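What follows is one structure encoded as structure tokens, with my remarks underneath.
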Amino acid sequence: MREHIYNQNPIGVFDSGIGGLTVVREIRKKLPNESIIYFGDTARVPYGTKSRETIIKFAREDIKFLLTHNVKIIVSACFSVSSNALPNLVSEFDIPIIGMISPGVEAVKGKSYKSIGVIGTQATIESGMFEKKLKESLGTVRIHSRTCPLFVPLAEEGWNRGRVPHLVAEEYLSPLVKKGIAALILGCTHYPILYSVIKKVIGNEVDIIEPGKVVANMIKDFLRENCMESQGNGSLKIFLSDIPRGFTSVAKNFLGHPVEDIHLALSE
Ligand code: DGL
């Protein structure tokens, strides 16, 4: 029998800030043996309002930081990066890089939805990348997309129930529901925090698609197929370019448990 080969190096995950911890939460659930090095560019967040050139430049620096930690694969948890910079990054770096657009597309494949809603930051929606990839993969599907900028501060405030988030969600999502969407892709790291209010507004007939859940499965398959899985107990080490005020409570909300191993990544 062939001996199983393992690779104990960590998975590198980066995001513009804290939001990517919602993706880390899903990865840890599905891959408990894997260690994760997380880099959040909290000093320069948000990316979602920045130009494509700046997003590419920042993402390149984020990846270079993760490479100093001998990561075996990189996950761009940030949808703004994944939609604006992924092809550039993939061709520049000699390491597997997985973004958040293909997991979103993968999740709706074979479901025969006629009409799909996509929500995200300005950078993600204006890139048109979800629309392009969804149409390439599904053919004649109708896509209705929109930006939901107020969801980001609401999620960071932990303000995920009650009148205010409900009103905001209604304002953003009712027009999509009126268009008859059958599924809604949550195209931003922060939106899973508002899952229940989003569900209430869009109703049970519309499926919610969380690419974070799918990316975890994709990483799992990739590591298995390439003999790159780890053995033992996985750990999580968090690096941030700034430790913002109130970070620990926001991070706990995003990750689902208290954060412990936090470091400041100083860049000169
Ligand atoms: N992480 C970003 C994203 O998923 C949201 C926050 C930002 O604008 O940087 O697009």
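The values are calculated or read from the model by the stated rules, or taken from the named source; none is laboratory data. Everything quoted here is computed from the prediction, not taken from an experiment. A quick note on method: Cβ atoms are made from the backbone with ideal geometry, for glycine too, and the neighbour counts reach across all protein chains shown. Side chains are part of the model used for accessible areas, which takes the heavy atoms of the whole protein and leaves out ligands, DNA and RNA. Shrake-Rupley method; radii C 1.70, N 1.55, O 1.52, S 1.80 Å.
Please name all residue pairs, on different chains or six or more residues apart, with Cβ atoms under 6 Å, provided the first residue is in segment 206-217 and is within 12 Å of residue 31 (Cβ to Cβ) and the second residue is open to solvent by less than 30 Å² (accessible area, probe 1.4 Å).
215/103; 216/26; 216/27
So which of 195, 172 is in contact (Cβ under 8 Å) with a residue 40 or more places away in the chain, more than 30 Å from residue 6 (Cβ to Cβ) and not β-branched (Val, Ile, Thr)?
172
If you check residue 176 against the conditions, is it closer than 27 Å to residue 140 by Cβ and away from the ligand (no atom under 12 Å from the Cβ)? Spell out the reasoning first.
Numbers: closer than 27 Å to residue 140 by Cβ: yes; away from the ligand (no atom under 12 Å from the Cβ): yes.
Criteria met by residue 176.
Among the residues in segment 253-261, are any outside any loop (DSSP other than H, G, I, E, B), polar (S, T, N, Q) and surrounded by fewer than 19 Cβ atoms within 10 Å (Cβ to Cβ)?
Looking for residues that are outside any loop (DSSP other than H, G, I, E, B), polar (S, T, N, Q) and surrounded by fewer than 19 Cβ atoms within 10 Å (Cβ to Cβ), one finds at least one in segment 253-261, hence yes.
Quick check, is residue 238 open to solvent by 30 Å² or more (accessible area, probe 1.4 Å), within 19 Å of residue 18 (Cβ to Cβ) and of a type in the set (Val, Ile, Thr)?
Working: open to solvent by 30 Å² or more (accessible area, probe 1.4 Å): no; within 19 Å of residue 18 (Cβ to Cβ): yes; of a type in the set (Val, Ile, Thr): yes.
In short, no.
Is it true that some residue in segment 134-147 is farther than 19 Å from residue 22 by Cβ and within 15 Å of the ligand (Cβ to nearest atom)?
Checked segment 134-147: at least one residue is farther than 19 Å from residue 22 by Cβ and within 15 Å of the ligand (Cβ to nearest atom).
Hey, among 24, 71, 45, which residue is under 14 Å from residue 237 (Cα atoms) and within 14 Å of the ligand (Cβ to nearest atom)?
24
Within segment 69-105, how many residues are within 14 Å of the chain's Cα centre (by Cα) and open to solvent by 50 Å² or more (accessible area, probe 1.4 Å)?
Adding up the residues that qualify gives 1.
Among the residues of segment 17-56, count how many are of a type in the set (S, T, N, Q), open to solvent by 10 Å² or more (accessible area, probe 1.4 Å) and in contact (Cβ under 8 Å) with a residue 40 or more places away in the chain.
Matching residues across segment 17-56 total 4.
Residue 61 - would you say it is within 16 Å of the ligand (Cβ to nearest atom), under 17 Å from residue 223 (Cβ atoms) and not in a loop (DSSP other than H, G, I, E, B)?
Criteria not met by residue 61.
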